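Shown next, in structure tokens, is the structure this report addresses.
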Amino acid sequence: MAATYFPRRWLFSALLAAVLLHPAPARAQGRIVIETIDGRQVITYLPPGYDGDAGRRYPVVYLLHGGGGTPQSFLAGNYSGLNIMTTMNNLVRLNVVREMIIVMPDINGVYQDFIATELVGHVDATYRTIARRQSRGIGGHSRGGCGAFLLATDHPELFSAVYGMSASCLDRETERVEGAPGQGLREPLAARIAGLKPAIEQVKVAFDVGTEDRLLRANQSLAAAMERAGIPHAFEAYPGDHNGVIRQRIATKLLPFFSRELAAY
């Protein structure tokens, strides 16, 4: 199946300003919960309606930071000024996305097993999630984008959608990953994607990269490999570099993608 390419266009500047920069007016808003689980900080965004309707359950997005970052990067403006709570509050208020729970774990060090075997279960037990794969997605930037792809392809029983932003480690000769023998090396994702077709076809796949990003060729290689294998996906190379427009991409691409693709029931 041919790849589906997102149209290359910018949203109106006024909408971007409203969504990305300005707090929502005084009304029900989301809130942040900060926990430490197995020695790792995990930040969770709960949507505006969470405290007002004790019977409602929500889709969950796991959002992974890049190398050198922390979960606080999504709140502290490290990603071109992004504050995920302000962004989500405004997107919900403007009916751009549905209400979702956003979980942002620390992925420094070895983390894949922590997310797959501990964190997902903890989140489902602690919050009013829709605890099934159809309502659970994973995305990330750079190293987090790589991790999102690895977790989605290794655990399609947990995740039904993945969005990689400028994902790294896609076409290196080797990649060090958790779960390989002795925490060793295995082939890069682009080289083995055809063999993962039965798993990845269960997952809605989207990814993007800037045309000035050093990772452009790696992401194009993955898109080409998926094209050859007939794996449905959406890929976009947009004007930009590795870090410059992360805030805009999260607000206008990643979050709306999960809002569309995750089941809300």
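When Lys and Arg each count +1 and Asp and Glu each count -1, what net charge do the other residues less than 11 Å away from I200, Cβ to Cβ, add up to? Neighbour charge sum, excluding I200 itself: +1.
Qualifying chymotrypsin sites (Phe, Trp or Tyr not before Pro) in segment 134-174, where qualification requires a DSSP coil assignment and no more than 14 other C-beta atoms within 10 Å, are lacking entirely. A cut-off under 13 angstrom between Cβ atoms defines the neighbours of V42, and their net charge, with Lys, Arg +1 and Asp, Glu -1, is -3.
Close amide-amide hydrogen proximity is noted between I37 and V42, each under 5 Å apart and 5 or more residues distant or on a separate chain (H modeled in the peptide plane; Pro and chain starts excluded).
Each value in this text was obtained by applying a stated rule to the coordinates, not by laboratory testing. Source: prediction; values computed, not measured. We place every Cβ from the backbone using ideal geometry, glycine too, and count neighbours over all the protein chains shown.
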